[in-house]
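As structure tokens, the structure follows; a few thoughts come after it.
The values are calculated or read from the model by the stated rules, or taken from the named source; none is laboratory data. Since we're looking at a predicted model, the values are computed, not measured. Note that we place each Cβ from the backbone using ideal geometry, even for glycine, and neighbour counts take in every protein chain shown. These accessible areas exclude ligands, DNA and RNA; they are computed on the full protein's heavy atoms, side chains included. Shrake-Rupley method; radii C 1.70, N 1.55, O 1.52, S 1.80 Å.
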Amino acid sequence: IEVMPDPFGDADSFVPPDTFIEKIELIYFVTDPTYYDDTLDPEQVKLYLQPVWHYYGHDEDGNEEHTYIQALRQEYLLPESNP
């Protein structure tokens, strides 16, 4: 993995820009089956659906900001399966 230099320099002196949230919505995160190799057995392909909170807005520089946070409490998540 190539380590990228910090574009902001010293992390201690960096002050993130203010972000303005314009919209909050409950959406569903779904794995995209087109990313799976066609040679895989369809039984091996695991599709995943999870409700997430989507926060949308802009920072003070005008850049779009998207943040996704799972909407389920940890106790309701399935444990990861062993390969």
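Listed values, structure above:
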| quantity | calculated |
| --- | --- |
| Neighbours by Cβ (under 8 Å, 6+ apart or cross-chain): first from the stretch 55-72, under 13 Å from P16 (Cα atoms); second open to solvent by 60 Å² or more (accessible area, probe 1.4 Å) and polar (S, T, N, Q) | H58/T19; D59/T19; E60/T19; E65/T19 |
| Of all residues in the stretch 38-55 being modelled with pLDDT under 85 and open to solvent by less than 90 Å² (accessible area, probe 1.4 Å), the one that is farthest from T67 (Cα to Cα) | D41 |
| Count - residues of the stretch 12-34 that are closer than 30 Å to K46 by Cα, open to solvent by 90 Å² or more (accessible area, probe 1.4 Å) and over 14 Å from the mean Cα position of the chain (by Cα) | 2 |
